Structure formats: structure tokens, C-alpha cells
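**Student:** Pasting in a structure now, in C-alpha cells, and then I'll have a few things to ask.
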Amino acid sequence: MNVLKAPFVQGFIRMADDGWQQGWHERNGGNLSYRIREEEIQEIRESLHPGEWREIGTEVPGLSGEYFLVTGSGKFFRNASLDPEDALTIVEIDETGTQYRIVWGLVNGGRPTSELPTHLMNHEVKKAASHGRHRVIYHAHPTNIVALTFVLPLDDVTFTRELFEMETECPIVFPAGIGVVPWMIPGGREIAVETSKLMQEHDVAVWAHHGLFCSGEDFDLTFGLMHTVEKAAEILVKVLSMGGKRQTIPGDGLRDVSRAFGVSVPEKYVLEKSKEKAGDSPAF
Ligand code: 13P
Ligand code: ZN
């Protein structure tokens with residue numbers, strides 16, 4: 001099968017296009033990766049042409065022999081649908097989990113995203129934690145969640161609780177809350193290690209003053225997670241711009257919602273806030 005006709009490639013391109021249209025991918029901002037199923041690789045095998053092995057820059061033994069569709073470094077999400085063979089690539093991971101090789105795409109040269117270490121370390125953690133169900137890792141630069149990293153204390157309890165209060169669906173969509181990575185230099189092993197540690201517990205991690213990472217089972221769920229977090233962040237930015245909360249969902253309410261929808265939310269995210277009374281502003 002022609003690679004571009006494969007449903008997983010079309011789903012990937014549609015998601016990249018949706019992210020571009022949301023305004024989350026200025027220039028080459030953001031990156032996306034998908035852990036390809038064995039049967040999906042079989043269908044396109046005759047179109048794959050292995051290149052040279054190269055260092056990943058970290059170790060992911062739990063992903064040995066896996067194939068990933070990823071965005072190229074410096075490539076624009078805008079162009080994923082217009083010129084996918086230039087902007088995207090399929091890479092294969094070697095037996096040791098320390099090297100990769102390009103087997104398709106990047107026809108005009110280049111390399112996979114500079115955040116490949118973070119993508120792969122997150123995939124390794126989420127593959128194990130979800131018993132193989134999670135396949136998508138998505139990094140974007142949504143405006144409002146990044147804006148909040150300049151104002152909110154950089155801890156998981158504050159970020160999670162403030163966003164939970166902004167939309168009743170939030171504790172149902174990301175019950176395990178949001179991990180927070182302090183500002184770090186992107187594109188290397190160090191930030192990959194810190195992010196993947198948080199991904200053992202969460203499906204979402206914010207990079208302070210930079211962007212957001214989400215993990216999910218498929219394109220729709222992962223895009224929907226990014227969209228929900230950013231929507232809640234937008235509401236919070238508006239609430240703070242209007243002078244702060246005058247009323248909100250109480251901790252007990254968040255606990256009741258999660259019970260009603262059968263999800264388990266850690267108690268630290270739904271504790272009653274003693275200092276929060278009507279009229280207090282801001283509440284965190
Ligand atoms: P890449 O173009 O290398 O994917 O980098 C974009 C980005 O968002 C870095 O964090
Ligand atoms: Zn980025």
C-alpha cells in the first residue's frame with residue numbers, strides 16, 4: 001500500500017492540520033508521534049527504504065523494534081497535509097533501543113523532531129502503564145496554558161485544581177491531573193527524563209513557558225485532551241482577567257462528579273480550599 005493511503009497516516013495528517021487550525025503550531029512549533037501497529041507496518045512494508053542508523057540520544061529498550069510516524073524537525077504543521085513526504089517520517093527503533101533509522105519520508109532531507117527523546121521516553125512509559133493501549137504523543141504550544149505558567153505556582157496540585165474548576169468535564173477527561181515541568185532547555189535527554197517521570201502518573205504534562213505534552217490511545221482522544229486542557233486554560237485566563245473568581249465548583253463537587261462518572265481522582269486535587277471564599281481573588 002502507498003504510505004499516504006494508510007488510514008493511520010491520514011489520521012495523523014488530519015490531527016496535525018486540526019492543531020494548525022487551532023493556532024497551536026506557529027512556524028515549526030510542536031511535534032507529533034504515533035506508535036505504529038505491526039499489521040499497519042505490514043501493509044506498507046514494500047514502500048519502506050531503511051537509511052543509516054543514528055543515535056536517539058537516550059535509551060528506550062521498551063520500544064525495541066517498534067516503528068513510529070513522527071513530524072520532522074523544523075517542519076511546519078501547516079505543511080503536514082500539503083507535503084507530507086517532506087514534513088513527516090517513519091522511523092524504526094533498533095534492538096537495543098538506542099538508535100533509530102529513517103525508513104520513509106523527509107524526502108528533502110532532515111531528521112525527526114528535536115523532541116524525539118521526550119516522545120520516545122513518554123511512549124515507553126505510557127506503553128507499559130497502559131498495557132500497550134497508548135499510541136500517540138502530542139506536543140503543542142497552546143497560548144493560554146503557556147500564559148498560565150507565568151502566573152500560577154508551578155506545581156501539579158495548583159494547575160490541576162485550577163483547571164478542574166474551569167469546566168465540569170475536566171476531572172473526567174484527565175482524572176490523573178497535570179504534571180508540571182519547570183522551565184528547562186528543550187530538545188534533549190534531561191527534559192525527556194523529567195517529562196517521562198511525570199507521565200508515569202499523568203496523561204498531560206505542561207512545560208513551563210513553552211507548551212504541553214499529551215498522551216492518548218488514538219488521535220481523537222489525544223487531540224481532545226489537548227483541546228480540553230487548553231479550553232479550560234482559556235477560561236481561567238478570562239476569569240483572572242475579569243478580576244478572579246467570585247464563585248466556583250467546590251472540592252466536594254469535583255469529587256462527586258468523578259464518582260458519578262466512575263473515574264478516580266487523587267484526593268490532593270479535590271481537597272476543600274480553606275482560603276477560598278466568595279470574593280477572594282485570585283484563589284490559588
Ligand atoms: P521541532 O521542529 O524540532 O519538532 O521543534 C519544535 C518544538 O516545538 C520544540 O519544542
Ligand atoms: Zn515546543
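Where a number appears in this text, it was derived from the coordinates with a stated rule and is not lab data. None of the values given here were measured: they were computed from a predicted structure. Cβ atoms come from the backbone with ideal geometry, glycine included; neighbour counts cover every protein chain shown.
**Student:** Of all the Cα-Cα pairs you can form in region 151-227, what percent are over 21 Å apart?
**Tutor:** Above the 21 Å cut-off, region 151-227 has 24 percent of its Cα pairs.
**Student:** Would you mind counting up the charge near Arg135? Only other residues with Cβ under 14 Å from its Cβ, with Lys and Arg at +1 and Asp and Glu at -1.
**Tutor:** Result for the local shell: -4.
**Student:** Would you kindly give the portion of the calculated P(r) for region 99-167 that falls above 19 Å, as a percent of all Cα pairs?
**Tutor:** Counting pairs separated by more than 19 Å, the tail of P(r) holds 60 percent.
**Student:** So what does log10 I(q)/I(0) come out to for the chain at q = 0.12, 0.14 Å⁻¹, using the Debye formula with one equal point on every Cα and no solvent?
**Tutor:** Computed log10 I(q)/I(0) values: -0.73, -0.96.
**Student:** How much FRET efficiency would the formula 1/(1 + (r/R0)^6) give for Glu272 and Lys238, where r is the Cβ-Cβ distance and R0 is 22 Å, rounded to 0.05?
**Tutor:** For Glu272 and Lys238, the calculated efficiency is 0.35.
**Student:** Where a ≥ b ≥ c are the square roots of the eigenvalues of the C-alpha gyration tensor, would you call region 72-124 rounded, which needs a/c under 1.5, or, failing that, prolate if a/b is larger than b/c, or oblate?
**Tutor:** Because a/c hits 1.5 or more and a/b exceeds b/c, region 72-124 counts as prolate.
**Student:** Using +1 at the Cβ of each Lys and Arg and -1 at the Cβ of each Asp and Glu in region 1-94, identify which of Ile36, Gly57, Phe12 lies farthest towards the dipole's positive end.
**Tutor:** Phe12
**Student:** Go through Gln247, Met226, Leu271 and say which Cα lies farthest out towards the positive end of the charge dipole of region 221-280; charges sit on Cβ, +1 for Lys and Arg, -1 for Asp and Glu.
**Tutor:** Highest projection toward the positive end goes to Gln247.
**Student:** With labels modelled as points extended 7 Å from the Cα through the Cβ direction, what inter-label distance (nm, one decimal) is found for Phe150 paired with Glu59?
**Tutor:** The two pseudo-label positions are separated by 4.1 nm.
**Student:** Please check the chain for the longest run free of GluC sites (Glu not before Pro) that are loop-located per DSSP (anything but H, G, I, E, B) and have at most 12 other Cβ atoms within 10 Å.
**Tutor:** 96-271
**Student:** Another question, if that's okay. To check you understand DSSP bridge types, tell me what percent of the beta bridges within region 113-214 (both residues inside) are antiparallel, rounded to 5.
**Tutor:** Percentage antiparallel, nearest 5: 65.
**Student:** Count the net charge of all other residues whose Cβ sits under 15 Å from the Cβ of Ile185, scoring Lys and Arg as +1 and Asp and Glu as -1.
**Tutor:** So the environment of Ile185 carries a net charge of -2.
**Student:** Which whole-number percentage describes the relative contact order of region 28-96, with Cα contacts under 8 Å and a sequence gap of 6 or more?
**Tutor:** Computed value for region 28-96: 42 percent relative contact order.
**Student:** Can you tell me the relative contact order of the chain? Whole percent, Cα pairs under 8 Å, sequence separation 6 or more.
**Tutor:** Contact order relative to length: 18 percent.
**Student:** Where both partners of a DSSP beta bridge lie in region 171-284, what percent of those bridges are antiparallel, to the nearest 5?
**Tutor:** If I count the DSSP bridges inside region 171-284, around 50 percent turn out antiparallel.
**Student:** Moving on. Region 159-246: which chymotrypsin sites (Phe, Trp or Tyr not before Pro) are DSSP loop and have at most 12 other beta-carbon atoms within 10 angstrom?
**Tutor:** Trp183
**Student:** Roughly what % of DSSP beta bridges within the chain run antiparallel, to the nearest 5?
**Tutor:** 90 percent
**Student:** Based on DSSP H runs of at least 4 residues, each adding -39500 (n - 2.57), what is the mean residue ellipticity at 222 nm of the chain after dividing by all its residues, to the nearest 500 deg cm²/dmol?
**Tutor:** Result for the chain, helices only: -11000 deg cm²/dmol.
**Student:** Ok, one more. If the only charges are +1 at each Lys and Arg Cβ and -1 at each Asp and Glu Cβ, what is the size of the charge dipole of the chain around the Cα centre, to the nearest 20 debye?
**Tutor:** So the magnitude is around 600 debye.
**Student:** In terms of modelled amide H atoms, which long-range or inter-chain residues lie less than 5 Å from the amide H of Ile178?
**Tutor:** Thr160
**Student:** Which of the chymotrypsin sites (Phe, Trp or Tyr not before Pro) found in region 1-96 are in a DSSP loop and have at most 15 neighbouring Cβ atoms, other than their own, within 10 Å?
**Tutor:** Qualifying residues, ordered by number: Trp53.
**Student:** Need one number: the % of Cα-Cα pairs in region 125-284 sitting beyond the 27 Å mark.
**Tutor:** Summing the P(r) tail past 27 Å for region 125-284 gives 20 percent.
**Student:** If you take every residue apart from Arg111 with its C-beta less than 12 Å away from the C-beta of Arg111, what net charge results, scoring Lys and Arg +1 and Asp and Glu -1?
**Tutor:** Local net charge: 0.
**Student:** Here's a follow-up. What residue among Ser274, Ser241, Ser73 has the largest mean-square fluctuation in a Gaussian network model of the chain, using Cα springs under 10 Å?
**Tutor:** In the Gaussian network model the winner is Ser274.
**Student:** Expressed as an acute angle from 0 to 90° and rounded to the nearest 10, what is the orientation of the C-alpha long axis of helix 219-241 relative to the principal long axis of the chain?
**Tutor:** Rounded to the nearest ten degrees, it is 40.
**Student:** Relative to the longest principal Cα axis of the chain, at what angle does helix 189-199 sit, 0 to 90 degrees, rounded to 10?
**Tutor:** 60 degrees
**Student:** When the Karplus curve 6.51 cos²θ - 1.76 cosθ + 1.60 is applied with θ = phi - 60°, which whole-Hz ³J(HN,Hα) does each residue of region 114-121 get, with x for Gly and Pro?
**Tutor:** Residue by residue, region 114-121 yields 5, 8, 4, x, 5, 4, 5, 5 Hz.
**Student:** What is the magnitude of the charge dipole of region 152-284 about its Cα centre, with +1 placed on the Cβ of each Lys and Arg, -1 on the Cβ of each Asp and Glu, and no other charges, expressed in debye to the nearest 20?
**Tutor:** 460 debye
**Student:** Can you give me the relative contact order of region 133-284 as a percent, contacts being Cα pairs under 8 Å and 6 or more apart?
**Tutor:** Rounded, it is 32 percent for region 133-284.
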